[in-house]
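Taking it in order: structure first as structure tokens, then the write-up.
The values are calculated or read from the model by the stated rules, or taken from the named source; none is laboratory data. As the structure is a prediction and not an experimental result, all values here were calculated from the model. Backbone-built Cβ (ideal geometry, glycine too); neighbour counts: all protein chains shown.
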């Protein structure tokens, strides 16, 4: 459109710029597609593991405490991650998380909590949308996080 309004300006003058922009967009698209494919594989792997845990028996074969290396004694606690501990090693926490995997669980839970918090604040989303240079990317980020998957709507406002 700009080229058509300016006399003497030809496509040849901006060809390099346009080509560089198209190349950059193509590279970004390929990287996004690769990341998307990787994430889809991760999701498929997780779903398969969940289905396996729901439908097949899980054999606990650990014979040593994962923290101390001491032989397991009854009572012992086995986690689906494969780690096992003597009950006295873990203490009395009923909702115990594997101490060796706790940081990973905490990080995942923190990310999930942050996503849920952003889902609970639509004003923040619309503020970001109004100020965003690329609203489509913002919307896809929110969709990718599952923020817009809520099935209930509040009509209190």
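Apart from one condition, residue 15 fits all of (1) more than 30 Å from residue 143 (Cα to Cα); (2) in a helix (DSSP H, G or I); (3) at pLDDT 85 or above; the exception is (3). Considering each residue of the range 71-89 in turn, none proves to be in contact with a strand residue (DSSP E or B) (Cβ under 7 Å, 6 or more places away or on another chain) and surrounded by fewer than 10 Cβ atoms within 10 Å (Cβ to Cβ).
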